[in-house]
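Below is one structure, written out as structure tokens; the observations come after it.
What follows is calculated from the coordinates using simple rules that are stated; it is not laboratory data. Just so it is clear, the model here is predicted, and its values are computed rather than measured. For neighbour counting, all protein chains shown are included, and Cβ atoms are generated from backbone atoms with ideal geometry for every residue, glycine included.
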Amino acid sequence: MSEHIRELAVDKISVSILKPYARNPRTHTKKQIRQIADSIETFGWTNPILIDADRGVVAGHGRLEAAKLLKLKEVPVIRIRNLSDEQIRAYTIADNRLTELAGWDDNLLSIELQTLTEIDLDFDIEVIGFSNAEIDGFLLDTGESDDDADALSEIIDDTSPISA
């Protein structure tokens, strides 16, 4: 096994014994915590909180606050082992910053949003993090013809999705 691939195990741990990192530079608004909570309620818990050996939160502070808002007693965690204190401090920043650097393919996003708005969802579309006004904006601003969207849709259907 590669030294970069660590053995991971998801455990459950009591919310009350987790220790948020006091110097975490990432902030979360009450609105965003509510959005994370809504996502957990809609899709389930899909991303464990990362903790160190002392039950300190390395990544997932927003998820922890959402769990508290939902009055959950336990949350899934992955214990990060074999990283120095310095590496853990750096990873706390990297986990948030590296995802911020990603962009959006506006055409593909528009197609996905269009598809979601055309089907009967059993949840509020805003749970994905875009407001209805933002979704409407993407649907109006595509500048594509239906033929362009159909052609792009055929290309997408013939490839495996890639996400990071």
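One decimal place: the segment residue 74-residue 90 gains 3.1 nm when fully extended, by the rule 0.36 nm per residue minus the C-alpha distance. Taking a point 7 Å out from the Cα of residue 54 in the direction of its Cβ, the residues of segment 75-118 whose backbone N falls within less than 11 Å of it are 85.
By the Stokes-Einstein formula, at 0.890 mPa s and 25 °C, segment 1-103 with its Kirkwood radius over alpha-carbon pairs has D equal to 171 µm²/s.
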